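Undergrad: Provided herewith is a single structure, encoded as structure tokens, for subsequent inquiry.
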Amino acid sequence: MNVFNYLKGDKVVWAIMFLLSLLSILVVYSAVVTLAHKFQQGKSEFYLIKQFVFVCIGFLVAYLVHKIRYTIFSRISQIGFLVCIPLLIYTLIKGVSAGEAARWIEIPGLKLTFQSSDLAKLVLIIYVARIIALKGKSLTTLVEVLKQLILPVAIICALILPANFSTAAILFFNCIMLMFFGGINYKILLKIMGICILSGTILLSWIWFSPGTFPSKRAFTWKARIENFVSGDTETNYQSEQAKIAIATGGVIGKGPGNSTQRAFLPQASSDFIYAIIIEEYGLLIGFGLLFLYMILLFRGIKILRDNDKPFGGLMAIGLTFSLVFQAMVNMAVAVNLFPVTGQPLPLISMGGTSMIFTMITLGIILSVSKTKNEEVVENLEAV
């Protein structure tokens, strides 16, 4: 029995999902040893089973989502956009905090939490793809682009920013790239980038010179991370230094599965810095191989856009694919100390239920688009 008879859409994407999820289970099991001793009396199996369950649920969700006709997500994005605004506001006011950042919402009665920004990222990218596909021909002036596209993007990113600066910045950049893929005039995009650079300079100056007056308490954390990254001081860059040690000692072929030593010193070994643990245990060859898999995923997203004659489907697919791959690049760049610490998980690899489920939903939507390549699908976005 060929399992691919039941899995429609891009087979390469399915294969990448399987390979990365398998690696996730193996590496998380190794990386959580310290966490297990702290919270589970040394029982790493607890986190192994937990990650395995989330991976299985994720695949089930991806399978169910990829069976849905992708045009449905046009209407869902409209409703989702309106839902995300109060949801993000509620998160800022009543959300579960960690490190002075309210990012999670607790589901009553289930003792489960989810990160509202993960939902907002997914919804916003689909929403922007819808607007470009629906009104692309009329988006020929800076005023129209600002009103139709930048305004909704700015609203969502502004609500995410106080608790998670890096997520807001990455999401904004992803949306700008989606506008580029959607054919928005490059001169307009350059003007928008100029406005963003000016606004960003003012914002960073405010945080740098007067963090106490900034609306978010996280301003001190952001300033400290930038200062530590620029200074390169080993004491203040503890996590980055431990990650570099892990990468350096892993070498070309690694120490072998389960033989990491730096997992005992990296506070976020199973999430933000899991790429360093992968290189330490499996070597630079696997590290480059992982990077190559993400590049293949991006190529498949571009191929879906190129081969698809449905504007909304193609834009949604490349927008979501680029967001996953760019997040992966940021995570890897942090692990090798090219970027300051951002707190971005490695898609499909890092431990975390919310991240895994929303990543699988994202891939399910991409697969839903790819399976309609040779089908007669009418994109009547006004009707959905």
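The values are calculated or read from the model by the stated rules, or taken from the named source; none is laboratory data. Nothing here was measured: the structure is a model prediction, and the numbers come from that model. With ideal geometry, Cβ positions are generated from the backbone for all residues, glycine too; neighbour counts draw on all protein chains shown. Accessible surface is based on the protein model in full, side chains and every heavy atom, while ligands, DNA and RNA are left aside. Shrake-Rupley method; radii C 1.70, N 1.55, O 1.52, S 1.80 Å.
Undergrad: Restricting attention to region 214-250, and to residues there that are over 25 Å from the mean Cα position of the chain (by Cα) and at pLDDT 75 or above, which single residue is surrounded by the fewest Cβ atoms within 10 Å (Cβ to Cβ)?
TA: The residue in question is A248.
Undergrad: Considering only region 17-38, I want to know if a residue exists there that is touching a His at 6+ places or on another chain (Cβ under 9 Å), modelled with pLDDT under 90 and not aliphatic (A, V, I, L, M).
TA: No: region 17-38 contains no residue that is touching a His at 6+ places or on another chain (Cβ under 9 Å), modelled with pLDDT under 90 and not aliphatic (A, V, I, L, M).
Undergrad: If I go through region 151-167 residue by residue, how many of them are within 17 Å of the chain's Cα centre (by Cα), open to solvent by less than 20 Å² (accessible area, probe 1.4 Å) and not polar (S, T, N, Q)?
TA: The total comes to 5.
Undergrad: Across region 256-313, what is the total count of residues that are more than 25 Å from I68 (Cβ to Cβ) and among the β-branched types (V, I, T)?
TA: The total comes to 6.
Undergrad: Take the conditions at pLDDT 90 or above and farther than 21 Å from M356 by Cβ and apply them to K11. Does it pass?
TA: Spelling it out, K11 is indeed at pLDDT 90 or above and farther than 21 Å from M356 by Cβ.
Undergrad: Moving on. Pick out the one residue from K121, K135, K111 that is modelled with pLDDT of 90 or more and among the basic types (K, R). Steps first, please.
TA: Numbers: K135 fails: modelled with pLDDT of 90 or more; K111 fails: modelled with pLDDT of 90 or more.
K121 is the lone residue from the list that is modelled with pLDDT of 90 or more and among the basic types (K, R).
Undergrad: OK, next. So for region 46-59 (the condition being closer than 18 Å to E280 by Cα, among the small types (G, A, S) and open to solvent by less than 50 Å² (accessible area, probe 1.4 Å)), does at least one residue qualify?
TA: Applying the first criterion (closer than 18 Å to E280 by Cα) to region 46-59 yields none.
Scanning region 46-59, I find no residue that is closer than 18 Å to E280 by Cα, among the small types (G, A, S) and open to solvent by less than 50 Å² (accessible area, probe 1.4 Å), so the answer is no.
Undergrad: What's the number of the only condition in (1) assigned to a helix (DSSP H, G or I); (2) open to solvent by 70 Å² or more (accessible area, probe 1.4 Å) that I253 fails to meet?
TA: All conditions are met except number (1).
Undergrad: Looking at region 184-213, which of its residues are assigned to a loop (DSSP other than H, G, I, E, B) and either at pLDDT below 90 or of a type in the set (A, V, I, L, M, F, W, C) (or both)?
TA: Hits for region 184-213 are I184, S210.
Undergrad: To continue, here is another question. Do we find that V128 is among the β-branched types (V, I, T), more than 28 Å from T221 (Cα to Cα) and surrounded by 22 or more Cβ atoms within 10 Å (Cβ to Cβ) in this structure?
TA: The answer is yes for V128.
Undergrad: Separate question: Residue under question is I170, and the condition is that it be modelled with pLDDT of 80 or more, closer than 25 Å to Q115 by Cα and either open to solvent by less than 70 Å² (accessible area, probe 1.4 Å) or in contact with a Phe, Trp or Tyr (Cβ under 8 Å, 6 or more places away or on another chain) (or both); does it hold?
TA: yes
Undergrad: Something else about it: From (1) over 27 Å from S271 (Cα atoms); (2) hydroxyl-bearing (S, T, Y); (3) at pLDDT 90 or above; (4) open to solvent by 50 Å² or more (accessible area, probe 1.4 Å), pick out the condition that doesn't hold for Y63.
TA: (1)
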